[in-house]
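These notes concern the structure reproduced below.
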Amino acid sequence: MKFVPAGVVPFVALLLLQRRPVAGRALLVTGSGCPGHGLCRSNVQEQTRKQVALLNATAQDLFSLYLKCQGEPFSSETDKLCNPSGVFFPAFRVNRTSERKEVMVAMYKLFAFLNASLGNITRDQEELNPTAKELLDRLHNTTKTTRGLISNLTCLLCKNYNVFQVDVSYGESSKGKSAFKKKQQGCQVLRKYVQVIAQAARVLLPHLSPS
């Protein structure tokens, strides 16, 4: 078994962190140990483009449905209660002119964080709104798409740049918080997600467009 220094989390381990948010960091490392990049599908770039476009197209609807299911005061005081200014999200400083490798690494950090956050929100909603089938289905589907996107980004980073470890950060867990605080944290994260996924799509899609 390969030794992994403390604080360093390889892609394979990151992909296993599906159901619980984690606070931690892993060093960006390049080397000859990329796992599984030979399994990338021939259409991985097109598939990645479609996944990002799908997440962007459905983000606002997910947020709106989440608000509806939380009830008052979230529906009437959305701007106040769901203000995402205090919510941590990975820094996203790339743009359309950035190098493709830099963009891919930034995207991996973003969606690894988002995947953990979605797991956190889904767990809370299963507890707080167990009969909200449409919301839970949307959360599960968004998580499934995000996992697929992470897998494809892993392939692209390994295959094209031999990058197999990335510095990642995860958000705060809601475990132990009150029902109101859990709802509010999910609301803040999803509102920030709507903003960030739109920016991510604008930056990433041109890099994935057919030449």
Quiz item: Gain in length, Q195 to K80, computed as 0.36 nm per residue apart minus the alpha-carbon separation, to one decimal in nm?
Solution: 39.7 nm
Self-check item: Accessible surface ranking that places the most exposed of H207, H140 first, with a 1.4 angstrom probe
Solution: H140, H207
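Quick check on my link table: of K50/K181; K50/K182; K109/K159; K109/K144, which ones sit more than 28 Å apart, alpha carbon to alpha carbon?
Going by Cα-Cα distance, K50/K181; K50/K182 fall outside the 28 Å limit.
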Practice problem: Count neighbours as other Cβ atoms within 10 Å of each site's Cβ, and list the trypsin sites (Lys or Arg not before Pro) in region 134-186 that are DSSP loop with at most 16 such neighbours. | Solution: K175, K177
Quiz item: In terms of modelled amide H atoms, which long-range or inter-chain residues lie less than 5 Å from the amide H of F164?
Solution: V29, G31
Exercise. Could you work out the relative contact order of region 107-192, using alpha carbon pairs under 8 angstrom and six or more residues apart, expressed as a whole percent?
Key: 46
Quiz item: Which residues in region 73-99 have a backbone N closer than 16 Å to a point placed 7 Å from the Cα of D167 along the Cα-to-Cβ line?
Solution: 89-94
Quiz item: Accessible area per residue, 1.4 Å probe, Å², for region 125-167: what's the number?
Solution: 43
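The values are calculated or read from the model by the stated rules, or taken from the named source; none is laboratory data. For clarity, every value in this text was computed on a predicted model and none was experimentally measured. Don't worry about glycine lacking a Cβ; one is built from the backbone with ideal geometry, like all the others, and counts go over all protein chains shown. Protein only, heavy atoms only, side chains kept; ligands, DNA and RNA dropped before computing areas. Shrake-Rupley method; radii C 1.70, N 1.55, O 1.52, S 1.80 Å.
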